[in-house]
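See below for the structure under consideration.
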Protein chains: 4
Amino acid sequence: MIRIAMLGSGFIGRFYADALHGYRSKDRITSVYSRREETAKKFAQDYNCKHWTTDMEESIAHPYADVVCIALPNNLHEAAVMLCCKHKKAVITTKPLGRNAGEAWRMLEAVEKADVFNGYLEDLVYTPKFLKAQESIKNGAMGRILWAKSRETHPGPHSDWFWDLEQAGGGCILDLGCHCVEITRSYIGKDIKPIEVMCWADTQVKPIEAEDHAIALVKFENGSIGQFEVSWTFRGGLDLRDEVMGTEGTIWVNSFLRTGFEMFTTGKGADYVAEKAESNTGWLFPVGDELNELGYNHMFMDMFNSMEEGKPPKETFYDGYVVNCVLDAAYLSAKTKHWEPVKLDVWRGKTSVTKESNLIEYDTDNYLVKEEITHYGAKKVILKSKKTGKITERVIE
Amino acid sequence: MIRIAMLGSGFIGRFYADALHGYRSKDRITSVYSRREETAKKFAQDYNCKHWTTDMEESIAHPYADVVCIALPNNLHEAAVMLCCKHKKAVITTKPLGRNAGEAWRMLEAVEKADVFNGYLEDLVYTPKFLKAQESIKNGAMGRILWAKSRETHPGPHSDWFWDLEQAGGGCILDLGCHCVEITRSYIGKDIKPIEVMCWADTQVKPIEAEDHAIALVKFENGSIGQFEVSWTFRGGLDLRDEVMGTEGTIWVNSFLRTGFEMFTTGKGADYVAEKAESNTGWLFPVGDELNELGYNHMFMDMFNSMEEGKPPKETFYDGYVVNCVLDAAYLSAKTKHWEPVKLDVWRGKTSVTKESNLIEYDTDNYLVKEEITHYGAKKVILKSKKTGKITERVIE
Amino acid sequence: MIRIAMLGSGFIGRFYADALHGYRSKDRITSVYSRREETAKKFAQDYNCKHWTTDMEESIAHPYADVVCIALPNNLHEAAVMLCCKHKKAVITTKPLGRNAGEAWRMLEAVEKADVFNGYLEDLVYTPKFLKAQESIKNGAMGRILWAKSRETHPGPHSDWFWDLEQAGGGCILDLGCHCVEITRSYIGKDIKPIEVMCWADTQVKPIEAEDHAIALVKFENGSIGQFEVSWTFRGGLDLRDEVMGTEGTIWVNSFLRTGFEMFTTGKGADYVAEKAESNTGWLFPVGDELNELGYNHMFMDMFNSMEEGKPPKETFYDGYVVNCVLDAAYLSAKTKHWEPVKLDVWRGKTSVTKESNLIEYDTDNYLVKEEITHYGAKKVILKSKKTGKITERVIE
Amino acid sequence: MIRIAMLGSGFIGRFYADALHGYRSKDRITSVYSRREETAKKFAQDYNCKHWTTDMEESIAHPYADVVCIALPNNLHEAAVMLCCKHKKAVITTKPLGRNAGEAWRMLEAVEKADVFNGYLEDLVYTPKFLKAQESIKNGAMGRILWAKSRETHPGPHSDWFWDLEQAGGGCILDLGCHCVEITRSYIGKDIKPIEVMCWADTQVKPIEAEDHAIALVKFENGSIGQFEVSWTFRGGLDLRDEVMGTEGTIWVNSFLRTGFEMFTTGKGADYVAEKAESNTGWLFPVGDELNELGYNHMFMDMFNSMEEGKPPKETFYDGYVVNCVLDAAYLSAKTKHWEPVKLDVWRGKTSVTKESNLIEYDTDNYLVKEEITHYGAKKVILKSKKTGKITERVIE
């Protein structure tokens, strides 16, 4: 059994709490901190927490809290983490870790110096679909990964602070891109170094300073390409999709808007359908179990099992730091209009990885370009001469 | 915390065990019974059970078992239930409850006389999609339910006993139809009485005595129609779908083969994909978290929460009994080629329900048949005269 | 070049005309008949027809008309066909051929006696998807067909006469079931005799005399089962789907509501989306080219190519007659609640077809029931002893 | 009736011929030129052409040819076009127009100087789905277009010359990107100037000099973003999809791999499934009518109707030229790793278009950032103060 101090009682805090107390869980939130007394009290009541407070340190230091779960606006992460280190408390933090790599680095350094358990709550690498996809990749079903795209777009976040550049630290790149970067890293291999980033970003629709739409490419040391597409201007709900291309296969994951549940209603009995749904009449696409589909259950399971086994979880502050470094490069690239290097002060993965050869031997004289069955049922090969480089085709019975 | 004695350690026993011990669960299997020592031992090892035995009663009577979970072939359910009653143990049983209504009735009577907690493990009315769909229906988003179809087809069950008429009690009607009947009852309203059944069944492909393909219609007292389509001859995996028509809406649920996860592989690294998948190359459609998508997690949550709160779960032996009665009528109808009445000795739902009127007032002289927008953007109504019954159309600006 | 006299200028007449004059067609409508002068004129103008009339015979007899296309309410088909025979004109008729088998039979007899070209305009066996599916079946990719279902449901027809039992001759069974019967016959094999029908029908929603919802099973001589699901009470648009099960494969065709085109709109610029769409905001699913997707283009191509080559088209009045016979049995069954025989006075397909054996030799002692790969990667077979009938399982390396 | 001289008799020439002679078409190919006598003869036979030749000019000059259709490798387009101009023949050319903007410009200049009808055969802006999507955009259903992506990826082209840099002029950017650029231009508005391009390209898999995978962003003068994703290394068939985001809506078009036709087969009767399909067992996704779904029919209809009406078609050589200019910028950007300007010597669309304001008035003091319905059913607005720029939220009953 794990006892949790929850910092923050807003949208994401409640999502976390639903997952933590879900199914027949043995874990419990024992203390909640909120900036406002009213919401702290309400949360404590709803989730049956014995202790609530408007003093963050009190909650962190609470003797019945084994781990602190940070579900606060981005600008408050660093201070909360420092208090956890002070009190030697295990700490798990919502995404993104910091508003930038500098903040992330200081948090990483602090938890490692204090030697406390640290987890980075990137739920989307724990979705059931992602876990299964990753397993297939590990088994080799995709061959070598060439490209991994993650897309998260919706009509914009729920709370005011997201829209404020100072508190949030950025727009949709920081809010949504952090998910996508970690997802694509995980498909490609978290031990492969992200090298450089090219990003376009713009404020196309919303009257805000931060970007509301962005697309970026991330180049990895082995030649693989990560891509993210993020926006707060999408119409139609929450579009959450991954696409992966490998030399031996393809993966398409749709985590939200098309999951095998379709409903038409004229609008009688209209009510809440799903996170960021835009409508409650006509054709609707609810998700069965949002908490599970979004990875919260498997994420907390990994976090707490790891804590109990005394080993680091799949996602640590170091991962959060890498993500922030990639995003910093994306923000810079959006301004300079160049590919910008990812500045990683510490790299813990593989080094000096090179691109694999793309020469497939066909016979002593030729490389194979392509093999196919024609309309007429014959087998055809397209070959490249090793000597001359000339391309020819040959029909084989 | 609930301590479980698991009877049976085959395919379904292991599925249950994975669900029971899943996530951060507080519940534990403390004893396992299997007919063969070897498999009992293996199961005990894999799931960390302290006690295993090849003596069923020993497991049922075990002092550290709060509830007995029956995961045995159909022909052994009754004997197991009787032993649970003898030892006054709470009991939950896999589907179908009995091989026929007679067996089901005796089990129902026994648990009620013994006054023990009883649960019917119909997982498919606990899938996340089903639960959400049902909520929408309760909220009125579908209006009055006209028709609910549930389809379960696949290339046939894993274990030999399913194919043996004596042990199984039937073919795909009993094996799969039991799911479909409870699903459609649940969409239409479990308090609405099933009245009569029309069923076609045949052994089209397999060299067995039981049916390997069947389709049935179930008429309910309010005029709603349930439908099941079941087969052991389907090619392409496990097809698990519901379709519901209401006066105000439509529901389409795909629980397995199309859930937003698509994968193509040339076949490198081929391995287990999903329950009853038929292939591991080409386009594949894995399910992220089978246990959750198939309802096991929410089912056990309801069972054990109910036990702890001292109230009956959503699905009890009574439901299993109703299902068996409907299936008995289906088997009979397949032979007589007539609609056959559902013989329910005890009915605990609503009685004397009648069909709702289908007259919608348009104006003092007419009922409304249909209203639509034409190609040309005009609004058109089709009306029926209250007096003459004559149908006319009228274009309204 | 074919010159057409079009009888009828309503919804279906205009659909036909769009197809006939579509793409770079060499064919032209040269005469149009309508009961009302105003609509005849309008149609002639819109489609550039030289001749229009309110006298049906005048149009049929018109010297510049090579073929007569009947697009009239059901109760007028017979009279129109008789006039075509009188004037020895080739005739093609919209579906259903007659309001019942009696009418259909008289029309069939008349055109055959008059020896005129006759085509039955069942567009849905000419859809591009259907044609390709049928080709795959011919090539053996599905093995032996076990079951073929066709579903057509929508919120009800556009014109008043459909809702009037006298003019239409029936409700959704006649209007939509005629499509489904011919589709399922075509999947199963048009030379296989339909033997008997079981049908449920009800008027669940609309204030009409005819049925607004029906489901039927059609048994064929070789043991295959056809199924139709038809309704005028479906919410959400036009649901047009086929499902086919064969011993070697599965076919799923969605012809309308999910064809790879998805659109979300807040409702600005709302306009006509698709036939029988119910909404123009939220998620919409338009069809790209309705005429082609619904089979009109390939249908008329077959009709006129056949005429020019002096051979019968794929669909003749005889097919229309068979469909009416099946539907008559369905109507009767809905009343008697029994399986009712299909009364075919003339059968032109195969006779005395029997069900194929379902015994697959495994070795000298056993038949094969099932072969599968277990979770653990082993191959398992389930066998039935030829002598004892006993079922066993055997794991093979 | 149009009489066509077909230059080239390979894969695309035959696709064109099938479309040109398709349905009940009045148009006919009267002459065919091929470099090899054997294939010219075969084509003439198959399509019933009276004249065939291995002398290109002979075919172009043929008196019974009204229009010349160029279906040759990229490096032969220019010479063929010049001959058409010499003989004052109407000319329509397959994509891409040139191997680069220089070639395209010379062709454009030549046809305009010679004053001959010229059409650019970009079929994918003529697909039924695209045409309908474009209509919805024109009607305002999408609001202002923010982003349009087109993706075309497959396992590589059929003929050897595509893989040869000299003959093809490039790799997948030129082969597939030309489609995507014209598609995205058409969604965004062909009168909006493409300004600059950022492109990543690599040879990840194939042993060739040209790129086999590329992704690019194209910025338009009004701030809209076009995107293309192209590859010859995709596994699983032909992936042909568009995605469009507008301020009022979303469009998702799947033109090939998921069009509502799904088939599983164990592999009996295996044969040709669809263009660039990779497998003929397991789950397959055929397209009903490839020619129509890929736009060929509507394309030639527009070309020939326009010729007959003496007006330019929707797609002219000028469009081909613009596409080549965009692709030249993409190739340059892939090398320089910067955004590169699109160098258009002649621009015939709108000029000095600016980005629209993104300020939505909420009340006299505030702009509206977002409006939403909360979990609890309340309406919430997020506002930005006009004066201070501060973001606040407000719950409204």
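The values are calculated or read from the model by the stated rules, or taken from the named source; none is laboratory data. These figures come from a predicted structure and were not determined experimentally. Note that each Cβ is placed from the backbone with ideal geometry, even for glycine, and that neighbours are counted across all protein chains shown. Remember, those area values only see protein heavy atoms, side chains included, never the ligands or the DNA or RNA. Shrake-Rupley method; radii C 1.70, N 1.55, O 1.52, S 1.80 Å.
Ranked from largest to smallest solvent-accessible area, with a 1.4 Å probe on the protein heavy atoms, B:338, D:298, B:77 come out as B:338, D:298, B:77.
Near residue D:193: Cβ cut-off under 14 Å, other residues only, Lys/Arg at +1 and Asp/Glu at -1. The net charge is +2.
Residues with beta-carbon under 9 Å from that of residue A:171, excluding residue A:171: net charge, scoring Lys, Arg +1 and Asp, Glu -1?
Values: positive: A:206; negative: A:175, A:209, A:211, A:212.
It works out to a net charge of -3.
When only the heavy atoms of the protein chains count and the probe is 1.4 Å, how do B:54, D:153 rank by accessible area, highest first?
Details: B:54 70, D:153 0 Å².
Per-residue accessible area, sorted high to low, gives B:54, D:153.
Against the empirical 2.2 N^0.38 Å (N residues), the stretch A:126-166 has a Cα radius of gyration ratio of 1.83. Measuring r between the beta carbons of residue A:311 and residue B:87 and using R0 = 41 Å, the FRET efficiency lands at 0.45. Other protein chain C-beta atoms within 10 Å of residue C-beta, averaged over A:152-163: 4. For chain B, the equivalent ellipsoid derived from the Cα gyration tensor has semi-axes of 41, 25, 21 Å, listed largest first.
Couplings 3J(HN,Hα) of the stretch C:362-374, computed from phi: 9, 8, 4, 9, 9, 9, 8, 9, 7, 10, 8, 9, 7 Hz, in residue order, whole Hz [Karplus 6.51 cos²θ - 1.76 cosθ + 1.60, θ = phi - 60°; x for Gly and Pro]. Between copies, the label points of residue B:388, set 7 Å from Cα on the Cα→Cβ line, lie 7.1, 7.8, 8.8 nm apart, reported in increasing order to one decimal in nanometres.
Highest GNM mean-square fluctuation among C:251, C:183, C:360, for chain C modelled with Cα contacts below 10 Å: C:360. Springs between Cα atoms under 10 Å define the GNM used for chain B, and in it the highest mean-square fluctuation of B:168, B:141, B:104 occurs at B:141. The Cα center of the stretch D:297-317 and the Cα center of the stretch D:96-143 differ in position by 10 Å. Note on D:227-235: average number of Cβ atoms from other chains within 10 Å of each residue's Cβ is 4.
Contact order normalised by length for the stretch A:241-357, with contacts defined as Cα pairs under 8 Å and 6 or more residues apart; what percent is it?
Numbers: 90 pairs, mean separation 15.9, N = 117.
It rounds to 14 percent for the stretch A:241-357.
Its residues counted as N, the stretch D:1-127 yields a C-alpha radius of gyration over 2.2 N^0.38 Å of 0.98. Put simply, the stretch A:69-211 fits an ellipsoid with semi-axes of 26, 23, 13 Å; these come from the alpha carbon gyration tensor as the roots of five times its eigenvalues, largest first. Between residue C:284 and C:263, C:264, C:265, the built amide H atoms are under 5 Å apart, and every one of these is 5 or more places off in sequence or on another chain. The separation of the stretch A:157-210 from the stretch C:1-63, counted between C-alpha centres, amounts to 60 Å.
Near the amide H of residue C:68, within less than 5 Å, lie the amide hydrogens of C:5, C:90, C:91, C:92, all on another chain or at least 5 residues away, with H placed in the peptide plane.
Among residues other than residue A:258 with Cβ under 14 Å from its Cβ, the summed charge is 0 (Lys and Arg +1, Asp and Glu -1). With viscosity 0.692 mPa s and temperature 37 °C, the Kirkwood radius over alpha carbon pairs of the stretch B:179-277 converts through Stokes-Einstein to a diffusion coefficient of 204 µm²/s. Taking amide H positions as modeled 1.01 Å from N, with prolines and chain starts lacking one, the residues under 5 Å from residue B:196 and 5 or more places away or on another chain are B:219, B:342. Taking chain B as a Gaussian network, where each spring joins two C-alpha atoms under 10 Å apart, which residue of B:340, B:57, B:229 fluctuates the most? Of the options given, B:57 has the highest mean-square fluctuation.
One quarter of the convex hull surface, Cα atoms only: what value does that give for the stretch A:124-206 in nm²?
Details: hull surface 28.1 nm².
If I average the Cα hull's projected area over directions, I get 7.0 nm².
Summed over both chains, the contact between D and C buries some 4200 Å² of accessible surface at a probe radius of 1.4 Å.
In the stretch B:37-91, inverting the average of 1/r over every pair of distinct C-alpha atoms gives 11.8 Å as the Kirkwood radius.
Each residue of the stretch B:288-301 was assigned a 3J(HN,Hα) from its phi angle through the Karplus expression (A = 6.51, B = -1.76, C = 1.60, θ = phi - 60°), giving x, 10, 4, 4, 6, 5, 8, x, 4, 5, 5, 5, 5, 4 Hz with x at Gly and Pro. When residue C:138 is represented by a point 7 angstrom out along its Cα-to-C-beta vector, the spacings to that point in the other copies are 3.9, 4.9, 5.4 nm, nearest first. Comment: the Cα-to-Cβ extended label point of residue B:351, at 7 Å, lies 5.6, 8.4, 8.8 nm from its counterparts in the other copies, nearest first. Note on residue B:268/residue A:363: beta-carbon distance plugged into 1/(1 + (r/R0)^6) with R0 of 22 Å gives a FRET efficiency of 0.45. A loss of 20 Å² or more of accessible area (1.4 Å probe, protein heavy atoms, ligands and nucleic acids excluded) relative to the isolated chain is seen in these residues of the stretch C:328-345: C:337, C:338, C:339. Remark: spin-label model distance residue A:3-residue B:109 equals 5.3 nm, labels positioned 7 Å along the Cα→Cβ axis.
What's the average, rounded to a whole number, of partner chain beta-carbon atoms within 10 Å of each residue's beta-carbon in B:21-28? Walk me through the numbers on the way to the answer.
Details: counts 0, 5, 14, 16, 5, 6, 3, 0.
Mean shielding count: 6.
For the protein assembly as shown, what is the accessible area per residue in Å², given a 1.4 Å probe and the full set of protein chains? Mind dumping the intermediate values first?
Details: 54970 Å² over 1588 residues.
Normalised by residue count, the accessible surface of the protein assembly as shown is 35 Å².
Relative contact order of chain A: what whole-number percent is it, with Cα pairs under 8 angstrom and at least 6 residues apart? 16 percent.
Which whole-number percentage describes the relative contact order of the stretch B:178-261, with Cα contacts under 8 Å and a sequence gap of 6 or more? Please report the intermediate quantities before stating the final value.
On the way: 120 pairs, mean separation 18.0, N = 84.
It rounds to 21 percent for the stretch B:178-261.
Panel values: the protein assembly as shown, Kirkwood radius from alpha carbon pairs, Stokes-Einstein at 4 °C and 1.567 mPa s, translational diffusion coefficient 37 µm²/s.
The stretch A:287-397: D in µm²/s via Stokes-Einstein (Kirkwood Rh, Cα pairs, 4 °C, 1.567 mPa s)?
Values: Rh = 20.1 Å.
It comes out at roughly 65 µm²/s.
Residue by residue, the stretch A:202-207 carries 3J(HN,Hα) couplings of 7, 9, 8, 10, 8, x Hz when phi is fed to the Karplus relation 6.51 cos²θ - 1.76 cosθ + 1.60 (θ = phi - 60°); x denotes Gly or Pro.
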